[in-house]
Structure formats: structure tokens, C-alpha cells
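Notes to accompany the following structure.
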Amino acid sequence: ASGSTQPPKQMKYKYMQLMTPQRSLSVTSFLWLILALATSLNAADLSPTSFVAPSNGVGGGQIEVSWAVTNRDSAIALPNWTDTIYLSSDGVLDVLDTPFSPLTRTIPCAANGSYVQAGVATLPAAQPGAWFLILKVDSAGTLSETNEANNQLAVPFTLTAPDLLVTNLAAPAS
């Protein structure tokens with residue numbers, strides 16, 4: 001009938017499919033695909049540009065560290081994410097490395113912007129010798145990033161033993 005508000009009979013489907021030459025997608029799958037593409041197009045890309053630490057320190061002691069990070073993409077990195085330092089025997093981050101001094105970022109990083117962080121970190125106790133300190137930004141993978149492979153930077157580090165000095169020695173008289 002003319003003026004009817006009902007859709008034509010051929011459109012009354014509970015489940016529509018969008019066809020492509022390779023396969024078909026449900027409307028729900030198609031919408032999820034669009035959302036995933038929009039999210040990946042609007043993702044940040046945090047990358048450390050510098051990591052400054054002393055060349056050595058005592059296990060269990062404290063060191064001053066600082067780092068700079070650039071968001072290399074056109075989307076804002078929204079908080080919260082965590083930057084973590086690791087003690088590593090080989091400079092390649094893996095499950096054998098010891099995390100320490102995590103810092104949660106509560107301030108956004110602008111698109112194509114950067115931030116600098118500085119502070120005091122307490123070193124883990126470990127065998128003295130040659131090590132690496134690895135900084136990993138967004139260490140928990142909280143942010144959706146366009147490039148997850150550029151989130152870390154390593155510097156060589158020597159872990160030393162405490163320098164103990166005997167200042168007083170007393171023994172029983174007998």
C-alpha cells in the first residue's frame with residue numbers, strides 16, 4: 001500500500017549477510033571489523049627515545065634514572081599505562097628478566113607528543129657482573145599501539161657488590 005512504513009518484504013531478515021568475493025560477513029562481524037579498523041587507525045605508538053642510567057650500581061641500592069618517550073602516531077595515548085625497568089643478563093627482554101621500579105602514567109601523551117620521566121629506582125639484588133637495564137614503555141600492553149615492537153630500549157649496566165668495610169672487631173677475652 002502506498003505510504004506504508006513497513007520495509008519491503010525482501011528486507012525482512014533477522015540475519016543479513018554482506019557478500020564479498022572471498023566470503024560473507026554477518027552485519028555484526030562487519031561492524032566489529034569497522035570498529036577494529038577505526039581503533040587501529042586511531043592508536044598511539046609510544047617509543048622510548050632515550051634512557052639514561054649510571055653505568056653501575058650496587059644490588060639492592062638506588063640509582064637515578066630518566067627516560068624520554070615519543071608518541072610517533074596521530075592519536076593520543078590515554079592513561080593509564082605502565083613503564084617498567086628490567087634487569088637483564090642479555091639485553092633481550094624475556095621471562096627471565098627481573099622487573100623493578102614500575103611507574104604508572106596517569107597523564108595522556110599527545111599525538112606526536114612526548115614525555116620525560118625521572119626518578120630513583122631501587123635495583124634488585126642479583127649476582128654482581130655485567131647486566132643490562134631495559135626500559136619497556138607500556139610494559140603491560142594496556143594501550144592499543146600501531147607498533148608494539150618499538151617499546152623498549154636497553155643500556156649496559158654493571159651490578160657491583162656492596163663495599164663492606166670492617167670498622168670494629170671485638171673478640172671475647174678468653
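The values are calculated or read from the model by the stated rules, or taken from the named source; none is laboratory data. Keep in mind that what you see is a predicted model, and the values were worked out from it rather than measured. Every residue, glycine as well, gets a Cβ built from its backbone with ideal geometry; the counts of neighbours run over all protein chains shown. In case anyone asks, the SASA skips ligands and DNA or RNA and just uses the protein heavy atoms, side chains included. Shrake-Rupley method; radii C 1.70, N 1.55, O 1.52, S 1.80 Å.
Residue farthest toward the positive end of the dipole of segment 44-135, with Cβ of Lys/Arg at +1 and Asp/Glu at -1: which of Ser74, Gly59, Thr84?
Of the candidates, Ser74 comes out farthest on the positive side.
For Gly113, list long-range residues whose amide hydrogen, built 1.01 Å from N in the peptide plane, is under 5 Å from its own amide hydrogen.
Asn71
Solvent-accessible area of Asp94, probe 1.4 Å, all protein chains present, reported in Å² to the nearest ten, please.
Using a 1.4 Å probe on the heavy atoms, I get roughly 60 Å².
For segment 43-174, what does the alpha-carbon gyration tensor say about shape, rounded, prolate or oblate, given a ≥ b ≥ c as the root eigenvalues, a/c under 1.5 as rounded, and a/b over b/c as prolate?
Because a/c hits 1.5 or more and a/b exceeds b/c, segment 43-174 counts as prolate.
How much of the accessible area of segment 62-123, probe 1.4 Å, is carbon plus sulfur, in whole percent? Each step should come with its number before you reach the end.
Numbers: 1730 of 3220 Å².
That share works out to 54 percent.
Just by accessible area at a 1.4 angstrom probe, what is the order of Leu164, Leu78, Leu87 from largest to smallest?
The residues order as Leu164, Leu78, Leu87, largest area first.
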